[in-house]
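Below: one structure, written as structure tokens.
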Amino acid sequence: MPTITFTQPTGEATEVTVEEGTSLMRAAVTNGIEGIVGECGGQAMCATCHVFVRPEFAGQLADLSADEDEMLDCTTAERTEASRLGCQIKMSTELDGIVVDVPSDQV
Amino acid sequence: MGNNCADSVLIIGAGQAGIQVADSLRAEGHTGPITVLNNEVHHPYQRPPLSKDYMGVDWPSEPLPLRGPGFLEAKGITMLGAEATSVDTAARTVHLADGTSIGYSQLVFATGAANRQLPCPGADLAGVHALRTLDDALGLQDALSTARKVVVIGAGFIGLEFAAGARTRGLDVTVLEFAQRPMGRALSAMASDWFAARHLADGIDLRLNEGVTAIHDAGEGLSVESTAGRAYPADLVLYGVGVNPRTDLAEAAGLEVQNGIVVDAALQTAVSGVWAVGDCASFQHAASGERMRLESVQNATDQGRHVARTIMGANAAYSETPWFWSTQGPIRLQIAGVSHPGDLPVMIGDPAAGKFSIALLREGKLAAVESVNSPADHIAARKLIGLGLELTAGDITTAGFTFKALAKEVLMVGS
């Protein structure tokens, strides 16, 4: 099963293991990762599961959909090239070991 | 208002609003005891996915929690699996079903809403379902796995989300709606008519101006009889005919209730230290001056945050712009603001391609925007509504106009 490491702005890192197909947002919320809210339940409607994906994993991610791209324009922490919505990242063996940085603010 | 950071706070309800109050109190530095009453057996969970992903082909095996399992303990929040039976605001005490009672300094009603019952004979037959709780959704998943013919009563958000999910499973779906339009209370006629046509094109047998008179047990399934004199065979009936705010406790405690627990602009009832948030609250919206009661995640969480900040000493009127969403099969609907029947609708985008927004203008200003598969319009509209911007139909239909560009222009000037 793939693992995800969430790194907080303080530098504290938490590793969680999830089943394939689980979204990164669901993995964070069910494991109580601070700073990932997921207020809309994973519909790409609220942009409160914003994460920064470390560049070495960016190539393995599915391309940004138009919806995700547009929703990323309203994140609370400023959008960067590394910005993605956690609810749109489906975990797979290719993404095993992914490291994401949690922004300082979601709402 | 002073700082009440060590007060004991009791929250009735463990839904989106109640949990948000508890979370935000701790985030704002509250150090006193916080207790949340949960009248369901499950760890607090998110309801919106229940009528959406849960009814499709590939549903998640676990509910999505509102917060992780260790959250309450880590934040020092006590959750009691208990039902409140009465509130004594003079003694600042809540009595519970098990005979015990709890005192409080601040009391928050986050009691939510309950489904309206279907007012016709046969509503209690096996095979007739409502959808609000996780247990309801699990029951429906079981029923869907063997059903072939589905009848949905009520073309509101819940009914249509469910209907679209059942269609993706390849089932025969009939939707009966006694009103002239689907989602008629929430959407402009222009948007509502588009949805009606789209659902028909996607194979949902949507029948408007047709209500239900009775449901019968027909031996090998159910028969749903309509006001048009037709009978529809079904092996699964789902009804979504609106909700009532859960106000009984508040009313019995002597608090004013008028389609919701009446609160002021700060979301406080007439009794100091007693608040109401979310689906159960009838509040005065500061930006528009209207009294309203809203059923949405945004309203629940923003009001939860607002009351937490107010208990901690902030002094502001609640004025967040309301927003809503629905997903119906591949259609993503996002609404910013609250439309009125008399608003002037202005279409922008391409309805034939299923990507457009409808601006609702009121007294020359932007009052609401309904967006279909157009999140950029929606996000911009959330920022624009509430600014009181003058806008005409001509402005919106001018070539090159986008809400995003307008928001950028207006907010740049304002900053």
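The values are calculated or read from the model by the stated rules, or taken from the named source; none is laboratory data. Since the model is a prediction, treat every value here as computed from it, not as a measurement. With ideal geometry, Cβ positions are generated from the backbone for all residues, glycine too; neighbour counts draw on all protein chains shown. Surface areas here come from the heavy atoms of the whole protein model, side chains and all, with no ligands, DNA or RNA. Shrake-Rupley method; radii C 1.70, N 1.55, O 1.52, S 1.80 Å.
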Exercise for the section: Quote the total accessible area buried by chains A and B together, excluding ligands, DNA and RNA, probe 1.4 Å, nearest 100 Å². Expected result: 2100 Å²
Problem - In Hz, Karplus ³J(HN,Hα) per residue of the range B:77-84 (6.51, -1.76, 1.60; θ = phi - 60°; x = Gly, Pro) - result: 9, 8, 10, 10, x, 8, 10, 6
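Give, in nm to one decimal, the length gained when the segment between B:D58 and B:V41 is fully stretched (0.36 nm per residue of separation minus the Cα-Cα distance).
On the way: separation 17, 0.36 × 17 = 6.12 nm, distance 2.51 nm.
Full extension of this stretch gives 3.6 nm more.
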Exercise for the section: For the range B:330-414, report the accessible area per residue in Å² (1.4 Å probe, heavy atoms, rounded to an integer). Expected result: 45 Å²
Handout entry: Simple label model, 7 Å out from Cα along Cβ direction - B:T397 to B:L200, nm
Key = 2.5 nm
Handout entry: In nm, spacing of pseudo-spin labels at B:T168 and B:D217 (7 Å Cα→C-beta vector)
Key = 3.4 nm
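Can you work out the accessible area per residue across the range B:117-241, with the rest of the protein chains kept in place, probe 1.4 Å, in square angstrom?
Values: 5470 Å² over 125 residues.
I get 44 Å² per residue for the range B:117-241.
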Fill in the blank from the handout: Env charge @ B:V274, Cβ radius under 14 Å, K,R +1 / D,E -1, value -4
Fill in the blank from the handout: Asserting the computed 222 nm helical MRE of chain B (DSSP H runs at least 4 long, -39500 (n - 2.57) per run, divided by residue count, to nearest 500) equals -7000 deg cm²/dmol
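Once neighbouring chains are kept in place and the probe is 1.4 Å, which whole percent of the accessible area of the range B:1-149 is contributed by carbon and sulfur? Present the calculation step by step, with values, prior to reporting the outcome.
Numbers: 3260 of 6520 Å².
Carbon and sulfur together cover 50 percent of it.
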Fill in the blank from the handout: Of the convex hull enclosing the alpha-carbon atoms of chain B, the direction-averaged projected area in nm² is 21.8 nm²
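Output needed for the protein assembly as shown: three equivalent-ellipsoid semi-axes, defined as square roots of 5 times the C-alpha gyration tensor eigenvalues, in descending order, whole Å. Present the calculation step by step, with values, prior to reporting the outcome.
Numbers: eigenvalues 214, 184, 142 Å².
Sorted largest first and rounded, they come to 33, 30, 27 Å.
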Practice task
On the protein heavy atoms, probe 1.4 angstrom, tell me the percent of accessible surface of the range B:182-330 carried by carbon and sulfur.
Solution key: 46 percent
Fill in the blank from the handout: Simple spin-label estimate for A:D69/B:M190, 7 Å along Cα→Cβ, in nm, reads 2.6 nm
Exercise for the section: Sticking to Cα atoms, compute the Rg of the range A:1-87 to one decimal and its Dmax as the biggest Cα-Cα distance, whole number, in Å. Expected result: 12.3, 32
Practice task
For the range B:117-241, compute Rh as the Kirkwood radius over C-alpha pairs and then the Stokes-Einstein diffusion coefficient at 10 °C and 1.306 mPa s; write the answer in µm²/s, rounded to an integer.
Solution key: 110 µm²/s
Handout entry: Of B:L333, B:L125, B:L138, the one that fluctuates the most in a GNM where chain B has Cα springs shorter than 10 Å
Key = B:L125
Handout entry: FRET efficiency, 1/(1 + (r/R0)^6) with R0 45 Å, evaluated for A:R54 and B:N209 via beta carbons
Key = 0.20
Problem - Candidates per chymotrypsin sites (Phe, Trp or Tyr not before Pro) in the range B:294-367, loop by DSSP, up to 11 other Cβ within 10 Å - result: none
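Rolling a 1.4 angstrom probe over the protein heavy atoms, how many square angstrom per residue are accessible across chain A? Kindly include the intermediate steps, with their values, before the conclusion.
Numbers: 4670 Å² over 107 residues.
On a per-residue basis, 44 Å².
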Completion exercise
Using alpha carbon centers only, the range B:303-374 is separated from the range B:386-415 by a whole-angstrom value of 16 Å
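Only sites in a loop by DSSP and with at most 12 other Cβ atoms within 10 Å count here; which GluC sites (Glu not before Pro) in the range B:224-294 make the cut? Let's see the in-between values first.
On the way: sites: B:E225, B:E251, B:E256, B:E290; in loops: B:E256, B:E290.
Those satisfying the criteria are B:E290.
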Handout entry: For B:A368, residues with placed amide H under 5 Å, excluding near neighbours
Key = B:L360
Fill in the blank from the handout: Shape call for the range B:175-331, from the Cα gyration tensor axes a ≥ b ≥ c (a/c under 1.5 means rounded, otherwise prolate when a/b beats b/c, else oblate), comes out prolate
